[in-house]
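Here the structure is laid out as structure tokens; the discussion comes afterwards.
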Amino acid sequence: MKVFIDTANLDEIREASDLGLLDGVTTNPTLLSREVERTGMKPDKILKNICSMVDGPISAEVVSLKANGIVEEGKQLSKIAKNICIKIPMLKEGVKATKKLSNLGIMVNMTLVFSVNQALLAAKAGAYRNGHCQGHSDSFRKLRHIDAGNRCKYKTPFACYRSSPCRSRHINNTFQGNRQNVQTSINRYRNRALPRRLEKSDQLEKSSLSP
């Protein structure tokens, strides 16, 4: 299993890296803008510092929505460091750009993947990593089919990004026997409402399983 931290905060990344368990970092424009405001550093400088702290893939997200723009952004971002991974949303234009960038040898993390079909298309386009946004426990059950396809043909790992609280058993049950392809992105929850959200999540899960 590989563990990624979803933040652009240099202090948080340094702390996580010091544990010796961090395999990579995922960022997005919002997270970078917060760190720009906090430190006064430019986004490129922040990404470069992150890359120097963590040897694994560092995802830097594009903002363009057209394939040509995404490709140009991806080329520029990839020059920051060799471990930069271009984060591209699962869109028609994003798939086009992913194919072009992967042909150039540039790593792509395709994010906002919500279905089996989208995950397989991203893998076929050459995405280095698939970012599955997990908001419901049923999504993990569906990923069993993705993982089966992954073992048969594709080498693209599937990262599970939490859009709501989830449990380790969901990940464990999904990727039974193939844990080398499990990648979990962790966020730091400082919201005091988290216990209530977890309780609500438990209630929803129990009701969904009731006959």
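A few points about this structure:
- Being at pLDDT 95 or above and under 17 Å from the mean Cα position of the chain (by Cα) is a property that T98 has.
- Residue match in region 10-19 (condition: surrounded by 14 or more Cβ atoms within 10 Å (Cβ to Cβ) and under 27 Å from G126 (Cβ atoms)): no
- Verdict on R38 being farther than 23 Å from A127 by Cα and either in a strand (DSSP E or B) or within 19 Å of the chain's Cα centre (by Cα) (or both): no
- Of residues in region 68-112 being under 16 Å from L47 (Cα atoms) and small (G, A, S), the one surrounded by the fewest Cβ atoms within 10 Å (Cβ to Cβ): A81
- Candidate set: region 46-74, residues that are assigned to a loop (DSSP other than H, G, I, E, B) and not hydrophobic (A, V, I, L, M, F, W, C); chosen: the one farthest from A97 (Cα to Cα): D55
- Number of the exception - E93 against (1) modelled with pLDDT of 95 or more; (2) part of a strand (DSSP E or B): (2)
- Here I50, I5 are screened, and the one residue that is at pLDDT 95 or above and out of contact with any Gly (no Cβ under 7 Å at 6 or more places or on another chain) is I50.
- Checking each residue in region 1-38 for being out of contact with any Leu (no Cβ under 7 Å at 6 or more places or on another chain) and of a type in the set (V, I, T) picks out I13, V25, T26, T27, T30, V36.
The values are calculated or read from the model by the stated rules, or taken from the named source; none is laboratory data. Bear in mind the structure is a predicted one, so any value in this text is a computation, not a measurement. Because the Cβ atoms are built from the backbone with ideal geometry, glycine has one as well, and the counts that use them run over all protein chains shown.
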